[in-house]
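The next block holds one structure in the form of structure tokens; read it before the comments.
Read-outs: derived from the displayed coordinates by stated rules, not from any lab. Keep in mind that this is a model prediction, so the values were computed, not measured. Glycine also receives a Cβ, built like all others from the backbone with ideal geometry; neighbour counts cover every protein chain displayed.
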Amino acid sequence: MMGLLLTLFSPIIGGFIYGVERVVKARMQSRQGPPVLQPFYDFVKLMQKRPMMVHSFHASMGIMYFISTWFAMAVLMMGNDLLIAIFFHVISVLALTIGAFSVRSSYSIMGAMRELMHVVSYEPVVILLAVSLYLVTGSFDIAKILTSDITPIFSLPLVFISFLGVMPMLLHKSPFDIAEAHQEIVGGPDIEYSGPFYEAVYTARWIEYVYVYFIVFLFGGSNYFLGTFLVVFSFIFINAVDNSTARLDYKKMLKFAWFILIPLSMLNIFFVVVGAN
Amino acid sequence: MEALIVLSIVLPLILGAIIVFAKNDILTSLLTWMMLPVMSILAFMIYAADLPIYVDTPHVLHWIITLFDFGLLAYFLYLGAKRKSMLVSVLSLVQFILLVTVIWVLPESSTANIYVDKLTAMMYLLVAIVGVPIAIYSIKYMDFDEKDKHLFVGLVVAFLGVMNFAVSANNIEWFFAVFETTTLFSVIFIGFRGDKEAVDNSTLALWMNQIGGVAILLALLIMIKDFGVYHFTDLLIIDKETMSMAAFGFLSLAALIKGAQLPFHKWLLGAMVAPTPVSAILHSATMVKIAPFLLLRISPIIEGTLLAKLLILTTGFVFVAAAIFALTQDNLKRILAYSTISLLGLMMLAASVGTPTAVAVSIMLIIFHGFAKGFLFIEAGVLEKVFKIKYLQEMNMLLEKAPLTLLFIFFAFLNMTFIPFGVFVGKWLMIEEASGLLSQGSSVLLIALVAIGGVFLSVLYMKVLGVTIKHHRFTDIQVQKQPKTFLFVAIWFYLWLLALTIFIAPFAGDFVAQISNSLTGETTPIHADGLSLVVGESTLYFWQILGALLLLAFIHIAPLKFKFKNVDQMHPYNCGEVYTRQAGTYDFLFLKKYEGIANMIAITLFMLVVVLGGQLL
Amino acid sequence: MNDLRAKSPWITHYNTGGCNGCDIEILAALGPKFDIERFGMLNRGNPKQSDILLVTGPVTLRCRDVLRRVWLEMPEPKVVVAMGSCTHGGGVFRHLYHTENGIDGIVPVDVWIPGCTPRIEAIIDGLIEGVEIWKNKTKEKEYMVGHSEKLLEKIGVLND
């Protein structure tokens, strides 16, 4: 029941997170920033624009990106296997990249290709995260992870750190906002969407916030207070990093993910396995 | 029932011979089309029968097959001399000597030479449902400016019989004979067009597969010396604890070579110079599938040994490396070949892990990879013949040129990696199983290999899909006329894949789990709860399966059918300029320089498998 | 709903060949001191997702068709804010061989911000006035100055 409610309201929760993020970001730059409800004003605005598209397939892929992200959210909340939810996320990436590939726009295609590089970077770490959660709690089931006696963060500090490393890739934050790259390729895969269709993509990004921060929350186990603390900590950390770093290129991102983050996760898993036996 | 088994082996051979010698268009079509219901019904009847079945064969057959062996080796020797290939000649001679030795020391055995269990019956089904449509397809394919149509179709049909024989052989000496026969067929197929490149590649395939033959003969010798038996079923009942692994080291070497694992992948890549049905049939239902099949046969013996661990390492390495090198290719058929090599690695990895779930994974992958790869190669052949498209760059705007083919390719690619299709379920189960093993404190590397290998394949398929619909204006899409045969085969595969995916839970929970149970003798923790798939504590709910299927169905049909009404079209943003836009995709060519290193690592791992795994030290 | 909408105007800024003085002021408006994100304004740089086209410069001949295309790519409702003397008839570039003498012959303009360069307060004032006009506009399709099929053909948007 809780899962259903969370799924239904995840766009709204995500919108709030995004609104708070914009305020936090502005304050970090000593600006006043927009109101907290700003994402919803944007939402209303985009709904009222005249619909315009490059072609039907491209526009429909924007909507499919929204639907499949929401569906992945539903699977995460209501299914009983974290791994399946992670693989559902790939479907939404498929919708986004295929849509971006389909238009005759260099920025869009370049963005799609970079989005795939994002997948190569973060996907192994996220899968290893699920596996390591299974290792310490004995289950892939989210309900069981959230009620287990063990607090995963204490056994999996390195996995948590490497997940902090991939969160900018998942959420398209600097230094790994390579696919979106607003000053460089004008938003990458999102560029050709406009009006209501862009609104779908925009909202899908909010759902991704909830999706990613919920995975962070899992590290708290049955200690919900700790979980909330971890979410707040990672939120501030990600925004601080976002504000204080410049964008890297995709090769640096790949190297960072493959030669630092994955070995870190593996090291942690190795220690857990050795320690348990 | 014995008669049915013999029939399903002999019938394709006879029909193939008739097709080759009659050289009649109508007869060829008639017989090949007739094969589809006949072979399917045969396979279904055998599967439904009370398995396993032992078929006793007359003693004279044994001598015929031995004689056939010598004939085959003599032919290889002749080929080696004719093509001036030292390797082929030397390997033929070595095999000749080893074979003579084997026959010299071969003890009498009363065990039946043909053994059909659920795994074999499953392979019969695969050959009938995937292999025969490819034979039908090749009839039409060869009409497009190719020579020797009847010879080709006849050989394809006969090859199915050989494959059926290969999976039912219990006697390892017979298995060697069939193994070499498949080698012969691959040489004929690859060299079919007769130009220099084809002949060179077929020679390559010949000597590589001959190494596999040598390995089997060595395994046979060691087996006779150590245990005194040379049947799969006899080996399975020997006490595992005291067993020497040397023979199985060589057997798995043969499997690795047949499965085109790095560095022996070149022969499978070389196979693309042949007509496309050859690739389709080699990759999907036959030939390379012998490799996981062989490992599945010996998996109860090698489970948990050092040999199995080294095999996991080798195949897992290939799984990742081949997926990475697939990114560097720009020829559709080569991309498909690399992804086959990669997935074969996963199949063999699962087979060497050997737990009930892992065996089920291996079987799932064999089946679904067979369907999807057969489908993909068929469409690659259609692109090549009807639309004259071979390379990835030419596939831009494919939707305008070949919308229906794009739809099929799209669906087959989705089948290769996305939830809820069979290959995905295989990968998912493998990760769960590896995690389970991990919590018991073993195979840390296994989880890393399984977790990261699949990512490259997903990215590869997404890139190829992106390229196929790249640069598109979606103005007037007209469905091109295709030959009806091509259409029939494509729809046949499409519907099978769709049906199997919707009913994936009963399929995996009943069909695959039963085979896995019969192979391992334990209960596989996979079962179907209605249409939801339950694995241990995890569940793939039916609403998830259906939801993902609907999402992906929309995504792959939308380019053809979906239209927004009353929405204005606007040109893409290009900073307000109207220059022609050419955006390429990453070609990843910088990865190519690591191919040598990967080959070196693979060779090292091969040595380790034989020497350390086989306890030769 | 229109009031809610008025809180989220996104800007595309296009310099049609001016001296960059105005552009520096626009960037200053985004900075901490003036911070136009208070009004929900973002500099998107992508006309397809923007509502206000903020134009500077005298419109050189090279930029003329680009300006038209950028304007076409913006979905309605949209407003054009012309900023700086150059856009009002050319400014110091008036009657030069390569300019169009301001933008009112190219696209329909809603707000004019005078000054060379305008003060930031003036920019914000102009933008707010633009938002007031934008609030009352509808989805109804707008047309360029001198709209015709021939013009669209000429600037190359029909078969792009």
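Just a few scattered comments:
- Whole-Å distance, taken between Cα centres, linking region B:136-176 and region A:207-224: 55
- Cα long-axis angle, helix B:172-190 against chain B (0 to 90 degrees, to the nearest 10): 40
- In chain B, the longest principal axis of the Cα atoms and the axis of helix B:356-386 are about 60 degrees apart.
- Across all Cα atoms of region A:90-195, the radius of gyration (one decimal) and Dmax (whole number) stand at 17.0, 53 Å.
- Taking amide H positions as modeled 1.01 Å from N, with prolines and chain starts lacking one, the residues under 5 Å from C:Leu54 and 5 or more places away or on another chain are C:Thr12, C:His13, C:Tyr14, C:Val81.
- Taking amide H atoms as placed 1.01 Å from N in the peptide plane, the amide H of C:Ile113 lies under 5 Å from those of C:Ala82, C:Met83, C:Gly84, each 5 or more residues away in sequence or on another chain.
- Coupling constants for region A:10-20 follow from the phi torsions by the Karplus curve (6.51 cos²θ - 1.76 cosθ + 1.60, θ = phi - 60°), and in residue order they are 4, x, 5, 4, x, x, 4, 4, 5, x, 4 Hz; glycine and proline get x.
- Inter-chain Cβ neighbour average for residues C:133-141, partner chain, 10 Å: 1
- Around the Cα centre of region B:175-243, unit charges on the Cβ atoms of Lys, Arg, Asp and Glu (plus for the first two, minus for the last two) sum to a dipole of about 140 debye.
- Judged by the mean number of other Cβ atoms found within 10 Å, the most tightly packed of the peptides C:37-46, B:329-338 leads the ranking B:329-338, C:37-46.
- Region C:2-155, relative contact order in percent, only Cα pairs under 8 angstrom and at least six apart counted: 25
- Computed over chain A: relative contact order in percent, which uses C-alpha pairs under 8 Å that are six or more apart: 26
- The residue list B:Leu343, B:Phe554, A:Met61 was ranked by how far each Cα lies along the charge dipole of the protein assembly as shown toward its positive end, using unit charges on Cβ atoms, and A:Met61 comes out on top.
- Ordering of A:82-90, C:65-73 by packing [mean C-beta count within 10 Å, highest first]: A:82-90, C:65-73
- Histogrammed with a bin width of 10 Å, the alpha carbon distances of region C:2-155 distribute as 12, 43, 35, 10, 0 percent, first bin at zero.
- Counting only DSSP beta bridges whose two residues both lie in region C:2-155, roughly 5 percent are antiparallel.
- Centre separation in Å (Cα based) which lies between region A:6-74 and region B:344-408: 37
- Between region C:30-55 and region B:43-84, the C-alpha centres lie 77 angstrom from each other.
- Values of log10 I(q)/I(0) for region A:53-276 across q = 0.14, 0.15, 0.18 Å⁻¹ run -0.86, -0.97, -1.32, by the Debye formula with one identical scatterer at each alpha carbon and no solvent.
- Legend: mean number of C-beta atoms from other chains within 10 angstrom of residue C-beta atoms, peptide C:26-39, equals 3.
- Region B:4-113: equivalent-ellipsoid semi-axes (sqrt of 5 x gyration tensor eigenvalues, Cα, Å): 33, 25, 11
- Counting beta carbons within 10 Å around each of B:His369, C:His98 and listing the fewest first gives the order C:His98, B:His369.
- Taken residue by residue and averaged, Cβ atoms of other chains lying within 10 Å of the Cβ of A:33-40 number 4.
- In units of the rule-of-thumb radius 2.2 N^0.38 Å, the protein assembly as shown shows an alpha carbon radius of gyration of 1.03.
- Taken about its Cα centre, the protein assembly as shown carries a charge dipole of about 2020 debye when Lys and Arg each add +1 at the Cβ and Asp and Glu each add -1 at the Cβ.
- Taking every DSSP bridge with both residues inside the protein assembly as shown, close to 45 percent are antiparallel.
- Derived scalar couplings ³J(HN,Hα) [region A:21-28; Karplus, 6.51 cos²θ - 1.76 cosθ + 1.60; whole Hz; x for Gly, Pro]: 4, 5, 5, 4, 4, 5, 5, 5
- Relative to the longest principal axis of the Cα atoms of chain B, the long axis of helix B:132-141 lies at roughly 60 degrees.
- Karplus (6.51, -1.76, 1.60) ³J(HN,Hα), θ = phi - 60°, over region B:448-461, in Hz, Gly and Pro reported as x: 5, 5, 5, 6, 9, x, x, 5, 5, 5, 4, 5, 4, 5
- Residue-count net charge about A:Asn239 - beta-carbon cut-off 14 Å; Lys, Arg +1, Asp, Glu -1: +2
- In a simple Cβ point-charge model (Lys, Arg +1; Asp, Glu -1; nothing else charged), region A:53-276 has a dipole of about 320 debye relative to its Cα centre.
- Descending semi-axes in Å of region B:500-573, equivalent ellipsoid built from Cα gyration tensor: 41, 11, 10
- Stokes-Einstein diffusion coefficient of chain B, Kirkwood radius over Cα pairs, 37 °C, 0.692 mPa s, in µm²/s: 133
- Whole-number percent relative contact order across region B:1-94, with pairs defined as alpha carbons under 8 Å at least 6 apart: 23
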